[in-house]
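For reference, the structure is listed below as structure tokens.
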Amino acid sequence: RFTKDTARFKDELDIMKFICKDFWTTVFKKQIDNLRTNHISVLQDNKFRLLTQMSAGKQYLEHAPKYLAFTCGLIRGGLSNLGIKSIVTAEVSSMPACKFQVMIQKM
């Protein structure tokens, strides 16, 4: 329903731009900070909302990827509903910044 008012997507890059701008803004109230695409798309959020509360100390850095599993599922589900099968993983090097790597699987 969210895409009913948008123009048809031309390619996978348009879909990734939609995920970074419109989808991310609806879910997290801000756009993604950086999108890099090559064979693997990397979405970078420098101040991810779900990690800001626990970013006060470094003791939670090793547990942070567990809290990103839900968001990986959101991205994967959104892409799936747009007709793209993907594998989404998350990486945290310094909190509250995180990167989501999206590997699109060809059917």
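The values are calculated or read from the model by the stated rules, or taken from the named source; none is laboratory data. None of these values were measured; they are calculated from a predicted model. No Cβ is skipped: glycine too gets one built from the backbone with ideal geometry, and neighbour counts run over all protein chains shown. Accessible surface is based on the protein model in full, side chains and every heavy atom, while ligands, DNA and RNA are left aside. Shrake-Rupley method; radii C 1.70, N 1.55, O 1.52, S 1.80 Å.
Scanning the stretch 20-35 for residues that are more than 15 Å from the chain's Cα centre (by Cα), surrounded by fewer than 12 Cβ atoms within 10 Å (Cβ to Cβ) and on the phi > 0 side of the Ramachandran plot turns up nothing.
The set of residues in the stretch 50-103 being within 10 Å of the chain's Cα centre (by Cα) and assigned to a loop (DSSP other than H, G, I, E, B) consists of Leu68 alone.
Mind checking which residues of the stretch 91-106 are open to solvent by 70 Å² or more (accessible area, probe 1.4 Å) and either within 25 Å of Thr6 (Cα to Cα) or out of contact with any strand residue (DSSP E or B) (no Cβ under 6 Å at 6 or more places or on another chain) (or both)? Once the filter is applied, which keeps residues that are open to solvent by 70 Å² or more (accessible area, probe 1.4 Å) and either within 25 Å of Thr6 (Cα to Cα) or out of contact with any strand residue (DSSP E or B) (no Cβ under 6 Å at 6 or more places or on another chain) (or both), the stretch 91-106 yields Ser93, Met103, Lys106.
Results for (1) open to solvent by less than 60 Å² (accessible area, probe 1.4 Å); (2) at pLDDT below 90, shown as yes or no for each residue.
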| site | (1), (2) |
| --- | --- |
| Val42 | yes, no |
| Ser55 | yes, yes |
| Leu68 | yes, no |
| Gly78 | yes, no |
| Thr89 | no, no |
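Counting residues in the stretch 37-51 that are at positive phi and either free of Cβ contacts under 8 Å to residues at least 40 places away in the same chain or out of contact with any Ser or Thr (no Cβ under 8 Å at 6 or more places or on another chain) (or both) gives zero.
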